[in-house]
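The values are calculated or read from the model by the stated rules, or taken from the named source; none is laboratory data. Everything numeric in this text was worked out from a predicted model, so none of it was measured. In this analysis, Cβ positions are derived from the backbone assuming ideal geometry, glycine residues included, and neighbour counts consider all displayed protein chains.
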């Protein structure tokens, strides 16, 4: 389920499953097309981070396969902000994960999201893990 | 994502068509494994029609690189988009997986 508010904010709600990732890509594409005046690299980096955190929710969120998520994209002056909120158990992973060795086959997700963003916040609000991702443009 | 395999002059090219993400990464791992099992030693993963790669996709590329090297061969990547070049750089993977502009450049001198 996707929608656009009067202020241009785009949002969607869905199941936190691998098949749900395509909807996130589509919403970010919609945002990029609506804001051709903004450097596409900013959207590209935000999309990179959103997908990593969404992957993280799909893989590590509990109870697995039963979570719902809401994603909101706001285009603010000089700033893109994506907020991904899931209704799973409280996330207790490490937000400051170092980038693994180049020959590692896993463990890059959070580190890549951090590297693609200017700011990454995680808060627990009303039974939801709320990931706020900010990328300046 | 679709993966199309072609073999010319001893070089196996795996062309990925679509996003190389969590959903598609296992297919690339299998395709590389199958190619090496069939005797391929020089592999090029053509990403010119894969506009987006996530960390799962990067993991599959590293897995393929290591499998090729263990078998006495190598794996190269070609045609990476701006997003792919950015994530290779942000993760320092460009140190072990040098991106070639296209399949022709990857094959050149191999």
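Against the test of being crowded, with 21+ Cβ neighbours inside 10 Å and either within 14 Å of chain B (Cβ to nearest Cβ) or within 24 Å of residue A:89 (Cα to Cα) (or both), the options A:22, A:16 yield a single qualifying residue, A:16. The residue list B:43, B:97, B:93, B:58 contains one member that is free of Cβ contacts under 8 Å to residues at least 40 places away in the same chain, surrounded by 14 or more Cβ atoms within 10 Å (Cβ to Cβ) and over 11 Å from the mean Cα position of the chain (by Cα), which is B:93. Meeting the requirement of 2 or more residues that are more than 8 Å from every other protein chain (Cβ to nearest Cβ) and over 20 Å from residue A:26 (Cα atoms), the strands (runs of 3 or more DSSP E) wholly within the range A:43-129 are A:119-125. Of the helices (runs of 4 or more DSSP H) that lie entirely inside the range B:49-110, those containing 1 or more residues that are more than 13 Å from chain A (Cβ to nearest Cβ) span B:103-107.
In the range B:1-16, of all residues being surrounded by 16 or more Cβ atoms within 10 Å (Cβ to Cβ) and under 20 Å from residue B:99 (Cα atoms), the one that is nearest to the other protein chains (Cβ to nearest Cβ) corresponds to B:16.
Right, residue B:98: in contact with a strand residue (DSSP E or B) (Cβ under 9 Å, 6 or more places away or on another chain) and modelled with pLDDT under 95 or not? So residue B:98 passes the test. Scanning the range B:17-28 for residues that are under 22 Å from residue B:104 (Cβ atoms) and buried (at least 19 other Cβ atoms within 10 Å of the Cβ) gives B:20, B:28.
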